[in-house]
Amino acid sequence: MTEAQISVQSLSKTYRVPVRAGGLKAALKSLARRTYNDVHAVQEINFTIQQGEMVGLIGPNGAGKTTTLKMLCGLLHPSAGQAHVAGFVPWERRPAYLRQISMVLGNKSQMLWDIPPLDSFRVIGEIYSVPPARLRQTLDELFDLLEMAELLTKPVRDLSLGERMKCELVAGLLHQPAIMFLDEPTLGLDVSMQLRLRRFLAEYNRRSGVTVLLTSHYMADVLALCPRVILIHHGKLLYDGELGSLAQKMAPFKLVRVTLEDGRPLTEDRGGIPAGAEVIEANGNHLTLRVARTAAPEITAKLLQSLPVVDLTVEDPPIEAVIDQVYQEGVQG
Amino acid sequence: MTNQQMGKSRKPFVVGASAPFSALKRILRTSVNLRGGWALIRGTWASWLQYRSFFFILAFGWMIPPLIYLLVWATAAGGRAIGGMTRGEFVAYYLALILVNQITYSQTNWTVGDLIRYGQMNRLLMRPLHPLFDALSSELAGKVVYLAFDLPVVIVLALILRPEMHLTPGNVLAFLPALLLAWALRFFWGYWLALLAFWATRADALLAVQDSLVFLLAGQVAPVALLPGLLHSAAVALPFRYMVGFPVEILTGQVDPVGLALGFAVQLGWLALALGLSALMWRQGVRRYSAVGG
Amino acid sequence: MRYLKLISLFARASVQEETAYRANFAIGLLYSLLNLGTGVLGIFVLFGQVESVQGWSFASTLALLGVYLSVGAVRSLFIGPSLEALAGMDGDVWSGRLDFVLLRPVDTQFLASFRKWRIFSLFDLALGLGTLGVAVSRLGQTLSAARIAGFVIALAAAVAILYAILLAFTALVFWSPGVLFTWVFDGVFQMARYPLGLYPGWLRLLLTWVIPVGIITTVPAGMLSGASSPGALAGMVGLAVVLVGAASLLFRFGTRRYASASS
């Protein structure tokens, strides 16, 4: 195995936040002696990412995703721990490192507002010392992939949100970075634009071998792009692995869907439902039950005996539901 | 809010009456929502007080230019009189001018232009309250906050610089209406300029031009009486002196009865024009705004 | 070389941005003329009433105004727009767009100081230099090469001092975003319209030693009229070097603080 492109060891970030009580008296007191609270935004995180991987960094608001991302691209100093990205220590912010990475933010723009995108690209290209001929070629490729030739003569302020996001991507990729940090790239976009951007990112990753670390609140982004996810909650790493196995590991239950014989719906007293199974949906003769993962085989056997079952499936809960549960309750099991 | 309600509350401003004056009257009659207006003023005030330091800094900035001329003229006068004014009288004139300038300055007009430019007028148009009230309430709230900064500073300056002022009851009595009219004139003059933003983006440059003219002709660079020939005539005829200098001159006793009557007449005349233009701009502007769709 | 090329690109992009609003152009022209007019007329009115104030005549005060306008024009040419894009309301620090600036493989202070241009200010610069020319001719003195050289050096030092002060004020934004330090400075800088000698003693000290804006105009204008000694010039150059160094340091601390404190 080659050396990992991104490797993170015991990375932690603690913010010291001054405690402020309301009122004038407290304000005066805080002038003399401030008290601080330590906020542990990121605690002892470890992971490695290989070149060309697309990894989703997920977690609820305030989980520490953005802090992690900012440390990796060099905007934040960690309080403890180490990180190496493409052989560099990110927060030294060496020009050679900055040329290798790119950050695209869904809610912030690096374009110049009042001029056509092409002119912004030229300025950014010069900042990254991209030779003009190569810039031209890279831009042509990107415009082609993003189908955006017709946007280039309008000032950015006249573009739609989706068109602007395309421009942000071009601005972030025109120096052909090896690693890309994407923070909420599909924020506020309509469904079809989301689809197109995802398709672009997947295709670009396939062609160029760029490593992508993505955060998004749209699970669809992560599902479509990232075979691997890293789940952070309360600053701690909860899960690192295949997206498909996340449900198995995180959700301690399975869903059992049962179809009963016609004309024999479930009785009022719900007789025949074994202990340990919870009815979460009953619609005529279709039932959905939630059962503990370990008890699933036993309970399905009982169900087949006690009810007039014509069809029965056992499945993992949908990923959104699992994530929601983790976000709200933390990990279980 | 349903579409119908929205249409109803907007109607008085969109479909104005034939003459600009009656449009303004209609605005006042049909959409004055006094309780709403008062709540807005209170709300604005509360939020302004929260950012006190920010507004104190703004007030500091506005105070500097008159302060410079105070110091320059006081130094120039030294022990003699210039144009009939002694050092102490210059100090008194400029200290009064600092306060009057702050009271009549309407920073709100800048905001109005921005609202139109950035398409935030929609939000205001959807409220059952004329947007003029937003401007007026932040005006009022602003005055209180700015004066909370200016007054102590002026008092301290007065203790250091020893002004000479001979206040008479008559002067004070004439000063108050002149001040109110000066504020109204400066506000509405800026308001109609700001409303040009409906047609031209960045019309705010015109407001900067107005600030410049006020600086030159309203008695800041020098008391209007000291301006040479042509400049003096321009200052007396144009509206700018009546936004700042006129009330200050009244207070410091530089205006004779004839000048007083003439001054009030000119002031009222310009105010009437400013009101008319404001109403006209508003009516045409909103019509255009709703036609273009913001 | 690369940095010069970057500067020309920034300037070109800024021209494009500016010309996007054409109506503003004409009004900007008018505003510049008014600015000059109010400045000149202010002096004109003053010296219409008195011969000289504290040793400053109409011509030498006009020269000082020329310096004020020229230095101010250089400021609004690039220093002001660039630094204001950083600080100010909706500035990069406030909105978090500073991230992009910090992630560029180019020196942060360079980017922060040169990336926005207001080409229109070249017109202001022409007006300022024109005022200087008129003032010099009215001074009625023949200027030796040494004095002209001294004046040019003083002018350069004036720009450097102004830059340092503004950079330092901007760096304060890292500690307290949203406070309008530049607004405060604008107010104080206006005092440089008139010679230091016209202000009371305590203010003179303040404008020389605490916020040295008084020096910015008084020393160069004095080089022309003969009121400034070579010692004053040397002191000014020394001050410029120290201030630029100190401000750069402060700015670096600021960006580092941003990196360790922001979320």
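The values are calculated or read from the model by the stated rules, or taken from the named source; none is laboratory data. Just so you know, these numbers come straight off a predicted model, no measurement behind them. With ideal geometry, Cβ positions are generated from the backbone for all residues, glycine too; neighbour counts draw on all protein chains shown.
Starting from residues that are within 30 Å of A:ILE124 (Cα to Cα), touching a helix residue (DSSP H, G or I) at 6+ places or on another chain (Cβ under 8 Å) and more than 7 Å from chain B (Cβ to nearest Cβ), keep the ones in the range C:17-29 and report whichever is surrounded by the most Cβ atoms within 10 Å (Cβ to Cβ). Restricting to residues being within 30 Å of A:ILE124 (Cα to Cα), touching a helix residue (DSSP H, G or I) at 6+ places or on another chain (Cβ under 8 Å) and more than 7 Å from chain B (Cβ to nearest Cβ), the top hit is C:GLU18. Filter the range C:161-208 down to the residues that are farther than 27 Å from C:GLY42 by Cα and among the aliphatic types (A, V, I, L, M), then identify the one that is nearest to the chain's Cα centre (by Cα). Only one residue tops the list, namely C:ALA164.
Yes or no: the range A:185-197 includes at least one residue that is more than 30 Å from A:TYR327 (Cα to Cα) and out of contact with any His (no Cβ under 8 Å at 6 or more places or on another chain).
No, the conditions are met nowhere in the range A:185-197.
Screening the range C:170-197 for residues that are within 11 Å of another protein chain (Cβ to nearest Cβ) and outside any helix (DSSP H, G or I) and picking the one that is surrounded by the fewest Cβ atoms within 10 Å (Cβ to Cβ) gives C:SER176.
Only one of the listed residues (C:SER14, C:SER76) is closer than 23 Å to C:SER113 by Cα and in contact with a helix residue (DSSP H, G or I) (Cβ under 6 Å, 6 or more places away or on another chain). That residue is C:SER76.
Sort through C:SER121, C:SER70, C:SER144, C:SER95 and tell me the only one that's of a type in the set (S, T, N, Q) and within 13 Å of chain A (Cβ to nearest Cβ). Walk me through how you get there before you give the answer.
Values: C:SER121 fails: within 13 Å of chain A (Cβ to nearest Cβ); C:SER70 fails: within 13 Å of chain A (Cβ to nearest Cβ); C:SER144 fails: within 13 Å of chain A (Cβ to nearest Cβ).
Among C:SER121, C:SER70, C:SER144, C:SER95, only C:SER95 is of a type in the set (S, T, N, Q) and within 13 Å of chain A (Cβ to nearest Cβ).
Kindly check whether there is at least one residue in the range C:95-111 that is over 28 Å from C:ARG2 (Cα atoms) and in contact (Cβ under 8 Å) with a residue 24 or more places away in the chain.
Applying the first criterion (over 28 Å from C:ARG2 (Cα atoms)) to the range C:95-111 yields C:95.
Going one step further and asking which of them are in contact (Cβ under 8 Å) with a residue 24 or more places away in the chain, we end up with none.
Scanning the range C:95-111, I find no residue that is over 28 Å from C:ARG2 (Cα atoms) and in contact (Cβ under 8 Å) with a residue 24 or more places away in the chain, so the answer is no.
Looking only at the range B:255-274, residues that are buried (at least 16 other Cβ atoms within 10 Å of the Cβ) and at pLDDT 95 or above come to 8 in all.
Could you count how many residues in the range A:123-169 are in contact with a Gly (Cβ under 6 Å, 6 or more places away or on another chain) and surrounded by 18 or more Cβ atoms within 10 Å (Cβ to Cβ)? It would help to see each step written out before you state the result.
First pass over the range A:123-169, keeping only residues in contact with a Gly (Cβ under 6 Å, 6 or more places away or on another chain): A:135, A:161.
Now restrict to residues that are surrounded by 18 or more Cβ atoms within 10 Å (Cβ to Cβ): A:135.
Total satisfying the criteria: 1.
One residue alone among B:GLY36, B:GLY7, B:GLY79 is in contact with a helix residue (DSSP H, G or I) (Cβ under 9 Å, 6 or more places away or on another chain), surrounded by fewer than 17 Cβ atoms within 10 Å (Cβ to Cβ) and modelled with pLDDT of 60 or more, and that residue is B:GLY79.
Of the residues C:LEU33, C:LEU69, only one is assigned to a helix (DSSP H, G or I), touching an Asp or Glu at 6+ places or on another chain (Cβ under 7 Å) and not polar (S, T, N, Q); which?
Working: C:LEU33 fails: touching an Asp or Glu at 6+ places or on another chain (Cβ under 7 Å).
None of the others qualify; the one that does is C:LEU69.
So, C:PHE10, is that one facing chain A (nearest Cβ under 10 Å) and either crowded, with 19+ Cβ neighbours inside 10 Å or touching a Pro at 6+ places or on another chain (Cβ under 8 Å) (or both) or not? Yes. Each residue in the range C:50-67 was checked for being facing chain B (nearest Cβ under 9 Å) and either among the basic types (Lys, Arg) or surrounded by 18 or more Cβ atoms within 10 Å (Cβ to Cβ) (or both), and 1 of them qualify.
Do we have any residue at all in the range C:73-96 that's closer than 24 Å to C:LEU167 by Cα, modelled with pLDDT of 90 or more and more than 20 Å from the chain's Cα centre (by Cα)? Checked the range C:73-96: no residue is closer than 24 Å to C:LEU167 by Cα, modelled with pLDDT of 90 or more and more than 20 Å from the chain's Cα centre (by Cα).
On inspection, C:SER137 passes the criterion of being modelled with pLDDT of 90 or more and surrounded by fewer than 17 Cβ atoms within 10 Å (Cβ to Cβ).
Being free of Cβ contacts under 8 Å to residues at least 60 places away in the same chain, among the aromatic types (Phe, Trp, Tyr) and farther than 19 Å from B:GLY219 by Cα is a property that B:PHE54 has. I'd like the full set of residues that are outside any helix (DSSP H, G or I), free of Cβ contacts under 8 Å to residues at least 60 places away in the same chain and under 12 Å from the mean Cα position of the chain (by Cα), limited to the range B:83-140. The one that is outside any helix (DSSP H, G or I), free of Cβ contacts under 8 Å to residues at least 60 places away in the same chain and under 12 Å from the mean Cα position of the chain (by Cα): B:GLN107.
Inside the range B:240-254, residues that are over 20 Å from the mean Cα position of the chain (by Cα) and either within 21 Å of B:TYR105 (Cβ to Cβ) or crowded, with 22+ Cβ neighbours inside 10 Å (or both) make up a count of 1.
Which of the residues spanning the range A:119-152 are in contact (Cβ under 8 Å) with a residue 40 or more places away in the chain, in a helix (DSSP H, G or I) and within 11 Å of another protein chain (Cβ to nearest Cβ)? Listed by number, the residues that qualify are A:SER120, A:PHE121, A:ILE124, A:GLY125. I'd like to check something: does the range C:30-47 contain any residue that is within 27 Å of C:LEU139 (Cα to Cα), under 19 Å from the mean Cα position of the chain (by Cα) and more than 14 Å from chain B (Cβ to nearest Cβ)? No: the range C:30-47 contains no residue that is within 27 Å of C:LEU139 (Cα to Cα), under 19 Å from the mean Cα position of the chain (by Cα) and more than 14 Å from chain B (Cβ to nearest Cβ).
Please identify the pairs in which a residue from the range A:92-118 that is at the interface with chain C (Cβ under 7 Å from one of its Cβ atoms) has its Cβ atom under 8 Å from the Cβ atom of a residue that is of a type in the set (Lys, Arg), counting only partners at least 6 apart or on another chain. From the range A:92-118, the pairs are A:LEU98/C:ARG104; A:LYS108/C:ARG97; A:GLN110/C:ARG97; A:ASP114/A:ARG157.
Helices (runs of 4 or more DSSP H) fully within the range B:201-270 that include at least 1 residues being within 11 Å of chain C (Cβ to nearest Cβ) and in contact with a His (Cβ under 7 Å, 6 or more places away or on another chain): none found.
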